[in-house]
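Each remark here refers to the structure printed beneath this line.
The values are calculated or read from the model by the stated rules, or taken from the named source; none is laboratory data. Just so it is clear, the model here is predicted, and its values are computed rather than measured. Quick reminder, even Gly has a Cβ in these numbers, built from the backbone with ideal geometry, and neighbours come from all protein chains shown. Accessible surface is based on the protein model in full, side chains and every heavy atom, while ligands, DNA and RNA are left aside. Shrake-Rupley method; radii C 1.70, N 1.55, O 1.52, S 1.80 Å.
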Amino acid sequence: MSPSPPFVDVETGTFDFEQIWREAYPILGLVLLFGILGLLPLYLGASFTVSYGLESLIGTALTWLGQLILAVGSGIVFRYVIVRAIQLSDV
(Lines give C-alpha, C1' and ligand atoms only; values in the text may rest on other atoms or scores of the structure.)
Protein backbone atom coordinates (compact mmCIF):
# COMPACT_ATOMS: atom_id res chain seq x y z
CA MET A 1 0.00 0.00 0.00
CA SER A 2 1.45 3.36 -1.00
CA PRO A 3 1.43 6.19 1.55
CA SER A 4 -1.03 9.03 1.16
CA PRO A 5 0.27 12.08 -0.68
CA PRO A 6 1.19 15.02 1.54
CA PHE A 7 -1.29 17.87 1.93
CA VAL A 8 -4.25 15.77 0.73
CA ASP A 9 -7.05 14.53 2.98
CA VAL A 10 -7.43 10.89 2.01
CA GLU A 11 -11.07 10.64 3.12
CA THR A 12 -12.40 13.56 1.08
CA GLY A 13 -9.72 13.87 -1.60
CA THR A 14 -9.35 17.60 -0.94
CA PHE A 15 -6.44 19.68 0.29
CA ASP A 16 -5.63 19.39 3.99
CA PHE A 17 -5.27 23.09 4.79
CA GLU A 18 -4.34 22.41 8.41
CA GLN A 19 -1.31 20.40 7.33
CA ILE A 20 -0.43 23.04 4.72
CA TRP A 21 -0.49 25.73 7.42
CA ARG A 22 1.59 23.58 9.80
CA GLU A 23 4.25 23.23 7.10
CA ALA A 24 4.08 26.86 5.90
CA TYR A 25 4.23 28.47 9.36
CA PRO A 26 7.94 27.70 10.07
CA ILE A 27 8.90 28.77 6.53
CA LEU A 28 7.00 32.02 7.00
CA GLY A 29 8.77 32.59 10.31
CA LEU A 30 12.21 32.04 8.77
CA VAL A 31 11.46 34.31 5.80
CA LEU A 32 10.20 37.09 8.07
CA LEU A 33 13.13 36.72 10.46
CA PHE A 34 15.82 36.97 7.81
CA GLY A 35 13.85 39.50 5.78
CA ILE A 36 13.58 41.91 8.69
CA LEU A 37 17.16 41.27 9.83
CA GLY A 38 18.43 41.86 6.29
CA LEU A 39 16.33 44.89 5.47
CA LEU A 40 17.30 46.82 8.59
CA PRO A 41 20.97 47.25 7.60
CA LEU A 42 19.93 47.92 4.00
CA TYR A 43 17.64 50.70 5.17
CA LEU A 44 20.29 52.15 7.48
CA GLY A 45 22.90 51.88 4.72
CA ALA A 46 20.65 53.70 2.27
CA SER A 47 19.97 56.46 4.78
CA PHE A 48 23.71 56.88 5.46
CA THR A 49 24.43 56.98 1.73
CA VAL A 50 21.73 59.60 1.11
CA SER A 51 22.85 61.68 4.09
CA TYR A 52 26.61 61.58 3.50
CA GLY A 53 26.90 60.86 -0.22
CA LEU A 54 28.11 57.86 -2.17
CA GLU A 55 31.51 57.91 -0.46
CA SER A 56 30.05 56.79 2.88
CA LEU A 57 31.98 53.78 4.16
CA ILE A 58 29.37 53.05 6.83
CA GLY A 59 26.56 53.05 4.26
CA THR A 60 28.48 50.67 1.99
CA ALA A 61 29.34 48.33 4.88
CA LEU A 62 25.72 48.26 6.07
CA THR A 63 24.50 47.55 2.54
CA TRP A 64 26.92 44.63 2.24
CA LEU A 65 25.89 43.35 5.64
CA GLY A 66 22.21 43.45 4.65
CA GLN A 67 22.92 41.58 1.43
CA LEU A 68 24.95 38.99 3.34
CA ILE A 69 22.14 38.43 5.84
CA LEU A 70 19.59 38.04 3.03
CA ALA A 71 21.83 35.60 1.13
CA VAL A 72 22.55 33.44 4.20
CA GLY A 73 18.88 33.57 5.20
CA SER A 74 17.82 32.45 1.73
CA GLY A 75 20.20 29.51 1.97
CA ILE A 76 18.87 28.52 5.39
CA VAL A 77 15.25 28.71 4.20
CA PHE A 78 16.10 26.70 1.09
CA ARG A 79 17.90 24.08 3.18
CA TYR A 80 14.94 23.83 5.57
CA VAL A 81 12.55 23.31 2.65
CA ILE A 82 14.72 20.56 1.12
CA VAL A 83 15.22 18.73 4.43
CA ARG A 84 11.51 18.94 5.23
CA ALA A 85 10.60 17.66 1.76
CA ILE A 86 12.89 14.67 2.26
CA GLN A 87 11.30 14.00 5.65
CA LEU A 88 7.81 14.16 4.13
CA SER A 89 8.75 11.79 1.31
CA ASP A 90 9.94 9.19 3.81
CA VAL A 91 6.63 9.15 5.68
*Pair LEU28, PHE7: separation of 7 Å Cα→Cβ label points (nm)*: 1.4
*Counting only heavy atoms of the protein chains, get the accessible area per residue of the chain (1.4 Å probe) and round it to a whole Å² value.*
78
*Summarise the accessible area of the chain (1.4 Å probe, protein heavy atoms) by the percent that is carbon and sulfur.*
73
_Are there any GluC sites (Glu not before Pro) in region 15-91 that are in a DSSP loop and have at most 11 other Cβ atoms within 10 Å? List them by number._
GLU55
*3J(HN,Hα) from dihedral phi, region 81-88, Karplus parametrisation 6.51/-1.76/1.60, rounded to Hz, x for glycine, proline*: 5, 5, 4, 5, 5, 5, 5, 5
*Collect residues whose amide H, placed 1.01 Å from N in the peptide plane, falls under 5 Å from the amide H of VAL8; neighbours closer than 5 in sequence don't count.*
ASP16
*Consider all pairwise Cα distances in the chain and report the whole-number % of them above 18 Å.*
60
